[in-house]
Amino acid sequence: MKRHPPRMAVRLLGHFTSDEALVGDLVEEVARGRSACWCWRQVAAAVPAGAWRDICRHSGLAFRALIVGWVLLGVAFAFAVPRFRELDEWLFVTGLADVRAWWPAHHAVWFVVSALTFAKVGWAVGRFHGPSMVLLFFASVLALDASRLVCLMATTLWNSADLVAGVGAAAALRLPILVGGLWGARRRTGRGNDRFGLNEGVA
Amino acid sequence: MGRSSLSHFELLVLLALMRVGEDAYGVPICHEIEACTGREVALGGVYATLERLEARGLVSSSLGDPTPERGGRAKRYFRVTAKGLREVRAAQRSLVRLWQGLPELKGGAA
């Protein structure tokens, strides 16, 4: 029976490279007996390389994506999220806050709202700038998280294991940026990044 | 003395490309590097290097026909250009000069 590479890996690679030959090579190698693990390793190496190439070639677009992403994130957390808190206070005022007493998972609502906000911002960045810029924006958010964690470590008695755990948790919470971004940038044609004009002038 | 601007991996890719010959695309190039160096290389890394070399005019590429065993995707065949060959020769001359007269390397074993 012919073996196929993981569909998700192929789709992910398709997001970050327009080179069908590379995807074809992966398909060929997996059919010859390479493992799914090998395939994922290849994709994990190719995605950052492809994204970095796009970012270097289109630094203006990358800069715009960062500005748009951070402005949207700022607007969302400065205006939209406080409205949610107001709703929370309104629940108290109306006495409906008792709902929390019989619904222990009410904290999850905050995480869902936060995740949806990140996903929407990621979607907007991806929709207008392409998948590589989503990765750049995601990395910039993680970099800020990491710097805040380092500052926190400097003032408290954290160790490096706590830092790794903290960055891991932050990455998991920010994951909706990637999901929303890739959804926004999903391929509408078979030409990968071409609809963002990222492959102009590329042989 | 001629100066070569090729990095170590670029030189590996160019040499593998020349060794494979006419039928050189991503997979055999990777296999050739793996067979000669004994270490695994990433296909994406090889393609990124080939793209960089192509932008510098050291290799040229052409698309083959889509094949069913590749899920209907075409192969991209690469060839070393005359300029690429000159760069490889220049790198070879530089390396041979550096190797010559080193007592530590006499006898061929490191």
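The values are calculated or read from the model by the stated rules, or taken from the named source; none is laboratory data. The structure displayed is predicted, hence computed values, not measured ones. Here the Cβ positions follow ideal geometry from the backbone for every residue, glycine too, while neighbour counts run over all protein chains shown.
It is to be established whether one or more residues within region A:11-24 are in contact with a helix residue (DSSP H, G or I) (Cβ under 8 Å, 6 or more places away or on another chain), farther than 27 Å from A:ARG127 by Cα and at pLDDT 85 or above. Looking for residues that are in contact with a helix residue (DSSP H, G or I) (Cβ under 8 Å, 6 or more places away or on another chain), farther than 27 Å from A:ARG127 by Cα and at pLDDT 85 or above, one finds none in region A:11-24, hence no.
Inside region A:12-22, residues that are facing chain B (nearest Cβ under 10 Å) and assigned to a helix (DSSP H, G or I) make up a count of 5. Only residues that are farther than 30 Å from A:ARG186 by Cβ and in a helix (DSSP H, G or I): list them for region A:134-156, please. Residues satisfying the conditions are A:SER147, A:ARG148, A:LEU149, A:VAL150, A:CYS151, A:LEU152, A:MET153, A:ALA154, A:THR155. Could you tell me whether B:GLY84 is of a type in the set (Gly, Ala, Ser), at pLDDT 90 or above and surrounded by 15 or more Cβ atoms within 10 Å (Cβ to Cβ)? Here the answer is yes, as B:GLY84 does meet what is asked. A count restricted to region B:51-77 and to residues that are more than 10 Å from every other protein chain (Cβ to nearest Cβ), modelled with pLDDT of 90 or more and out of contact with any Lys or Arg (no Cβ under 7 Å at 6 or more places or on another chain) stands at 2.
Per-residue answers, yes or no, for (1) out of contact with any Phe, Trp or Tyr (no Cβ under 8 Å at 6 or more places or on another chain); (2) surrounded by fewer than 15 Cβ atoms within 10 Å (Cβ to Cβ); (3) of a type in the set (D, E, K, R):
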position: B:PRO28; (1), (2), (3): yes, no, no
position: B:THR37; (1), (2), (3): yes, yes, no
position: B:VAL59; (1), (2), (3): no, no, no
position: B:ALA90; (1), (2), (3): yes, no, no
position: B:ARG93; (1), (2), (3): yes, yes, yes
position: B:GLY101; (1), (2), (3): yes, yes, no
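Scanning region A:23-61 for residues that are within 15 Å of B:THR67 (Cβ to Cβ) and assigned to a helix (DSSP H, G or I) returns A:VAL23, A:GLY24, A:ASP25, A:LEU26, A:VAL27, A:GLU28, A:GLU29, A:VAL30, A:ALA31. Just one of the numbered conditions (1) more than 20 Å from the chain's Cα centre (by Cα); (2) within 12 Å of another protein chain (Cβ to nearest Cβ); (3) under 17 Å from B:VAL27 (Cα atoms) is not true of A:TRP40; which one? With respect to (1) more than 20 Å from the chain's Cα centre (by Cα); (2) within 12 Å of another protein chain (Cβ to nearest Cβ); (3) under 17 Å from B:VAL27 (Cα atoms), A:TRP40 is out only on (1). Tell me yes or no: at least one residue of region B:7-21 is among the hydroxyl-bearing types (Ser, Thr, Tyr) and at the interface with chain A (Cβ under 9 Å from one of its Cβ atoms). Checked against the condition, which is being among the hydroxyl-bearing types (Ser, Thr, Tyr) and at the interface with chain A (Cβ under 9 Å from one of its Cβ atoms), region B:7-21 yields no hits at all. Inside region A:1-11, residues that are part of a helix (DSSP H, G or I) and surrounded by 20 or more Cβ atoms within 10 Å (Cβ to Cβ) make up a count of 1. Among the residues in region B:12-25, are any more than 28 Å from A:ARG34 (Cβ to Cβ), among the small types (Gly, Ala, Ser) and in contact with a strand residue (DSSP E or B) (Cβ under 8 Å, 6 or more places away or on another chain)? No, there is no match, as no residue in region B:12-25 is more than 28 Å from A:ARG34 (Cβ to Cβ), among the small types (Gly, Ala, Ser) and in contact with a strand residue (DSSP E or B) (Cβ under 8 Å, 6 or more places away or on another chain).
Of the helices (runs of 4 or more DSSP H) entirely within region B:23-110, those holding at least 2 residues that are within 24 Å of A:GLU29 (Cα to Cα) occupy B:26-37, B:43-55.
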